[in-house]
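Engineer: Handing you this structure, nothing more for now.
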Amino acid sequence: MADQSDAHTGNGNGAAATTVSAWEDDPEPAVLVTRPVPDLSKTPLAFDFPAPQPPPAMYAPGTAEFRYWTAAEALRRGADFWAPRVPSGAWQMGDVLEVILDEGADLNAYYDRQALNFFHGPGVGGTVYSGESPDIVCHEMGHAILDSIKPQLWNAASAETAAFHEGFADISAILSALQLPSLRTAILTDTQGQLYRSSRLSRLAEQLGSAIRLQAPDAVDPDCLRNAVNSFTYQDPINLPQGGPASQISSEPHSFSRVFSGACFEILAGILAAKAANPAMPTEQELLAASGEIADILVAGITQAPVVANWYAQVAASMVQASANVNAAYPAILRAVFVRRSILSLQSAANLHTMQASLAAVASMTAEAQPNQPLASIALSSDSYGLTRPLLVEAASHPRQFVASAAATLGNGSLEPASASTAARAFVDDLFSRGRVDYGSVGPTQPHLDHGRRLRSHKLVSEGGAIRLHRCLFDCGFAH
Amino acid sequence: MAPGPAETDSAAHGDDVIVPKDEASVAFVRAVVQRGEAVRVPPGGSLPPGATHEIVGETTDGLPILRRKRFALF
């Protein structure tokens, strides 16, 4: 424990204190930090804490006053970090988010669209309070941030969207912690500049994890609640067990979240190494900048991605695209991580750039002709049809601008997403298989499949950097 | 064959409910219920520790219709 101060109020001469004492990240590592008194009523993203507010001061750990100001400092710091990135500038329910610091007995914490709710329970060395851990309060606040950015995820009936909420919340805790200069310096020292190592930054909620292990030894990691440095890779959650020990991945949202939080932590480390003047020993200022960039990329990806069953792949694909606007070197870093984690298939990752470029070219031409008509095109990889450019087709659904797929569990292929894209792919596969497409002048010099002279219902037309599939006619269906 | 929702339940509970209607949502609802994270809440009652969803109805095939009430840390 460092920098411990005696409890006192004010500065002894009647003036209000300007600093408070708080934990850096969690009561178990127990590193104290002195911070400016947080303004909880500050907008955007204000908080409503329980009254009465204890006078700001350097209280000792173990007191209710210390817990109050630790939670307040962490939430203000985290909200200030995310506020510029929240499009609405408000919580999902309004300008002020209520915080209930101790709602009763439970080794847990909740976000319920009304408040952040914290509890207490038996721990290794006595009572633990979930609201005393900056990791935990910034995790719960992360749910509220994501709920403001993408409220459609709240009720989505999907294991991936529920797990993503948990993963985003864990990343919120990590990025909020990185807004502390002292913690950035400590982590870079502890990891010797190699951020993607298990550290108290990657390990979340160590104290509550210890308390839970007393009751359920295999329910959490051996040294924390969850660790963002992990080796879990994507599998279709529909095929996973619905629960299991922490050492295994399951479809339970907190378990499955580790695939995405692990990927984000890896990307953060990759970005840091890429932007550091000395990649072997990045500076804390470079780490601060990297934390802002990964947050920008994450929010852009979330904002742009349609809410679909294979949400992980869609967000990943959107993040790869968004990262190009931050730094031209970043898409390759993101693609590599997402492919290693099987969140994106090798094919999807490889095709992202050409597909997006094609869509951008077509969108630009279409925008001039029909400024108010949004594109409802999706780009399909077309090599199986003997083509060298992406194939644009109209999707009769909520539009996906490109088909991003996770890797299949077995083999090297892709897990095709369900719904509109599956339907589109199946439809186009069927057209080509039955020889119903006129390649015209855009096809291969050697026929990919020679169907002879058959009635063609569709033709291929060059459009921008891609090829568009056009219907020529409807027939009666008797075309063999 | 995916089960269909009971129209009365859907109509009664609005759009903010989770109706198991395809493979992904059926798997999701089954897992939530099997983990004990979905419960029926009596009028004026509250969710017990660990629960995140309220059971607000059921489909014609007997699967529960859920409404998310909160996210939990663990």
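Read-outs throughout are calculated quantities, based only on the coordinates presented, and are distinct from any laboratory measurement. Quick caveat: nothing in here was measured; it's all calculated off a predicted structure. Positions of Cβ are backbone-derived with ideal geometry, glycine not excepted, and every protein chain shown enters the neighbour counts.
Engineer: Long-range amide H contacts for residue A:46: which residues qualify at under 5 Å (H placed 1.01 Å from N, peptide plane, sequence gap of 5 or more or a different chain)?
Structural biologist: Result for residue A:46 returns A:97.
Engineer: Another one. Give the calculated FRET efficiency between residue A:332 and residue B:22 to the nearest 0.05, with a Förster radius of 41 Å applied to their Cβ-Cβ distance.
Structural biologist: In this case the efficiency is close to 0.70.
Engineer: Right, next: With label points built 7 Å along Cα→Cβ from the Cα atoms of residue A:48 and residue A:247, find their separation and express it in nm.
Structural biologist: Placing both labels 7 Å along Cα→Cβ, they lie 4.7 nm apart.
Engineer: Give, as a single signed number, the net charge of other residues whose beta carbon lies under 12 Å from the beta carbon of residue B:23, with Lys and Arg counted +1 and Asp and Glu -1.
Structural biologist: 0
Engineer: A follow-up question, please. Straight-line reach only, C-alpha to C-alpha below 23 angstrom: list the lysines that residue B:69 could link to, leaving out same-chain residues fewer than 8 apart.
Structural biologist: Straight-distance partners of residue B:69: A:150, B:21.
Engineer: Turning to a different aspect of this structure: Hey, rough spin-label estimate for residue A:288 and residue A:223, points 7 angstrom out along Cα→Cβ, what's it come to in nanometres?
Structural biologist: If labels sit at residue A:288 and residue A:223, their model points lie 2.8 nm apart.
Engineer: Follow-up. Roughly how crowded by other chains is peptide A:241-254, in terms of the mean Cβ count from those chains within 10 Å of each of its Cβ atoms?
Structural biologist: Mean partner-chain Cβ count within 10 Å for A:241-254: 3.
Engineer: Follow-up. What does the structure give for A:100-110 when I average, per residue, the other chain Cβ atoms found within 10 Å of the residue Cβ?
Structural biologist: For peptide A:100-110, the averaged partner shielding equals 3.
Engineer: Further, regarding this structure: Out of all DSSP beta bridges with both ends in the stretch A:87-172, state the antiparallel percent to the nearest 5.
Structural biologist: Around 65 percent antiparallel, to the nearest 5.
Engineer: Determine ³J(HN,Hα), in whole Hz, for all residues of the stretch A:274-279 in sequence, where each value follows from phi through the Karplus function 6.51 cos²θ - 1.76 cosθ + 1.60 and θ = phi - 60°; x replaces Gly and Pro.
Structural biologist: Calculated HN-Hα couplings, in order: 6, 9, 6, 4, 10, x Hz.
Engineer: How shielded is B:21-34 by partner chains, expressed as the average number of their Cβ atoms within 10 Å of its Cβ atoms?
Structural biologist: 6
Engineer: Arrange A:249, A:294 by Cβ neighbour counts within 10 Å, fewest through most, would you?
Structural biologist: In increasing order of surrounding Cβ atoms, one gets A:249, A:294.
Engineer: Estimate the FRET efficiency between residue A:64 and residue A:346 by the formula 1/(1 + (r/R0)^6), using the beta-carbon distance for r and 45 Å for R0, to the nearest 0.05.
Structural biologist: In this case the efficiency is close to 0.25.
Engineer: Here is a follow-up. Compute the distance in nm between two label points, each set 7 Å from the Cα along the Cα-to-Cβ direction, one at residue A:85 and one at residue A:307.
Structural biologist: 2.0
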